[in-house]
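Trainee: Dumping the structure here so I can ask a few things about it.
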Amino acid sequence: MTDREELFARLRRDPDVAAPDLVVVDATDRLLLDEAAGAVAAAGPGEVVVVDDSYGALTLGAVAAGARDVRVHQDLLVGELALARNAGRTGLAGTYRTLPLGPELVAGARVLLAKAPRSLDALRELAELAAGAAPDAVLHVGGRVKHMTPAMNAALGVGFTDVRATLARQKSRVLVARGPRPGVSSSFPRCRPHPELGLTVCAHGAAFAGTRVDAGTRALLTALPGAAPGAATVLDLGCGTGVLATALALARPGAAVTASDASAAAVASAAATAAANGVAGRVRAVRDDAAAAVPDGTVDLVVCNPPFHLGAAVVTGAADRLFAAAGRVLRPGGELWAVYNNRLPHRAALRRLVGPTRVAAADRRFTVTVSTRR
Ligand SMILES: C[S@@+](CC[C@H](N)C(=O)[O-])C[C@H]1O[C@@H](n2cnc3c(N)ncnc32)[C@H](O)[C@@H]1O
């Protein structure tokens, strides 16, 4: 076994869920590290950047290959926590720094390793940002072949003059971008007015729905005037761009509104949306996994448009985690207002995890429910 494989064998997914068929290191991690091995070994301190490492394999694998003082950004909180735990258990704590997705992450960097984000806008944001790295910087973006499209080359082309794909290996491929374009700067967050809603929505690349307002979110917005009148504390759970939080802050000047999401892009977007609508001081945007930082029984009203995709599979597990969180943070008598596609079987879980649940509104596609905490 190589040193790298010995290191990988010690990595764990926690605090994310573990199961025999869920890996901690995948073929894309290995391919990225192999493609960039020479450049990583030759890089000076602080010249290697890792973006969206799943659980630490890329960062710690780069350290094992000779990288020092690696700069890291991970959109998901669970990945950031897993990397920290893996660094601790392998004696590699202190070998990297976590930074926001901004100029400080990339300034002077020469080797950038990234797991391909799901959205093209997220890739575009990364390309624009990475264009501000060193003039000889090379950005390596790895992903599963089945999720890669020619549009990704074009997105990288916004920031780089030369973009090529490597040969595929074990169903993964790496896009290699060279020649950062001088003078490119970030066009994110992007903001778009929605006069019909009286709101401007701002979004970083990785935020759900971008500057659009999702149809489910619209259904919930329409129903919200009837929600928990007099609520003093409000939580937008899984806030995305913060549409619900900002609408509530505008409609209820007396309420303390928190917008929380596990995604850094979502939290930054929600803060930008609140600011664009003049309620920056009234919406607290925080990165938090399933409201873990919110004390039990302290919230009067939770609003939630839950996630419905985990990877490519449609699952209810991710939504159930948020419903359980709502049940925990609501005070007795407090309300969870949720919206979901009519095809999804959430009613029973809402009843079990929160309390009595009734339909507040429904149309051809979406159901809005109100669950009252027992
Ligand atoms: C369907 S989107 C809804 C976003 C926004 N509320 C809206 O209506 O436009 C679901 C959001 O839940 C977030 N999310 C998923 N799992 C989460 C978790 N465990 N903790 C916090 N947020 C989570 C996702 O990042 C995503 O922004």
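Each reported figure results from applying straightforward, stated rules to the coordinates on display, with no laboratory input. Quick caveat: nothing in here was measured; it's all calculated off a predicted structure. Glycine gets a Cβ as well: all are built from the backbone with ideal geometry, and neighbour counts include every protein chain shown.
Trainee: Are there chymotrypsin sites (Phe, Trp or Tyr not before Pro) in the stretch 261-358 that DSSP puts in a loop and that have at most 15 other Cβ atoms within 10 Å, and which ones?
Mentor: none
Trainee: Taking θ as phi - 60°, what are the ³J(HN,Hα) couplings along the stretch 97-105 by the Karplus curve (6.51, -1.76, 1.60), each to the nearest whole Hz, with x for Gly and Pro?
Mentor: Karplus-based 3J(HN,Hα) across the stretch 97-105 equals 10, 8, 9, x, 6, x, x, 5, 5 Hz.
Trainee: Roughly how many Å is it from the Cα centre of the stretch 163-196 to that of the stretch 209-230, as a whole number?
Mentor: When both Cα centres are located, 31 Å separates them.
Trainee: So, one more: Where a ≥ b ≥ c are the square roots of the eigenvalues of the C-alpha gyration tensor, would you call the stretch 7-159 rounded, which needs a/c under 1.5, or, failing that, prolate if a/b is larger than b/c, or oblate?
Mentor: oblate
Trainee: Would any residue of the stretch 134-153 have its amide N under 17 Å from a label point 7 Å out along Cα→Cβ of Ala318? List them or say none.
Mentor: In the stretch 134-153, the label zone of Ala318 (backbone N under 17 Å from the point 7 Å along Cα→Cβ) covers 144, 147.
Trainee: Between Trp337, Asn277, Gly240, whose Cα lies farthest towards the positive end of the dipole of the chain when Lys and Arg beta carbons carry +1 and Asp and Glu beta carbons carry -1, centred on the Cα centre?
Mentor: Trp337
Trainee: Given charges of +1 on the Cβ of Lys and Arg and -1 on the Cβ of Asp and Glu, with all other atoms neutral, how large is the dipole of the stretch 3-180 about its Cα centre, in debye to the nearest 20?
Mentor: In debye, rounded to 20, the stretch 3-180 gives about 320.
Trainee: Now, a different point. Let's see if you can work this out: charge +1 on each Lys and Arg Cβ, -1 on each Asp and Glu Cβ, no other charges. What is the dipole magnitude of the chain about its Cα centre, in debye to the nearest 20?
Mentor: 940
Trainee: Of Ala256, Ala361, Ala319, which is the most mobile in a GNM of the chain whose springs link Cα atoms less than 10 angstrom apart?
Mentor: Ala361
Trainee: For every helix of n ≥ 4 consecutive DSSP H residues, a contribution of -39,500 (n - 2.57) applies; sum these over the chain, divide by its total residues, and give [θ] at 222 nm rounded to the nearest 500 deg cm²/dmol. Write out the running numbers ahead of the final one.
Mentor: Numbers: 13 runs with 117 residues, N = 374.
After summing the helix terms and dividing by the residues of the chain, the value is -9000 deg cm²/dmol.
Trainee: So, one more: How big, in percent, is the set of alpha carbon pairs in the chain lying more than 41 Å apart? Intermediate values should be presented prior to the final figure.
Mentor: Numbers: 11299 of 69751 pairs.
Percentage above 41 Å: 16.
Trainee: Give a residue-ordered list of calculated ³J(HN,Hα) values for the stretch 270-287 (Karplus: 6.51 cos²θ - 1.76 cosθ + 1.60, θ = phi - 60°; whole Hz; x for Gly, Pro).
Mentor: 4, 5, 5, 5, 4, 5, 5, 10, x, 10, 4, x, 10, 10, 9, 9, 9, 8
Trainee: At a Förster radius of 41 Å, what calculated FRET efficiency corresponds to the Cβ-Cβ distance of Ser185 and Phe308, to the nearest 0.05?
Mentor: So the FRET efficiency works out to roughly 0.75.
Trainee: Compute the distance in nm between two label points, each set 7 Å from the Cα along the Cα-to-Cβ direction, one at Arg374 and one at Ala165.
Mentor: The two pseudo-label positions are separated by 5.3 nm.
Trainee: Tell me the angle of helix 77-89 to the major Cα principal axis of the chain, expressed in degrees between 0 and 90 and rounded to the nearest ten.
Mentor: With rounding to tens, the tilt is 50 degrees.
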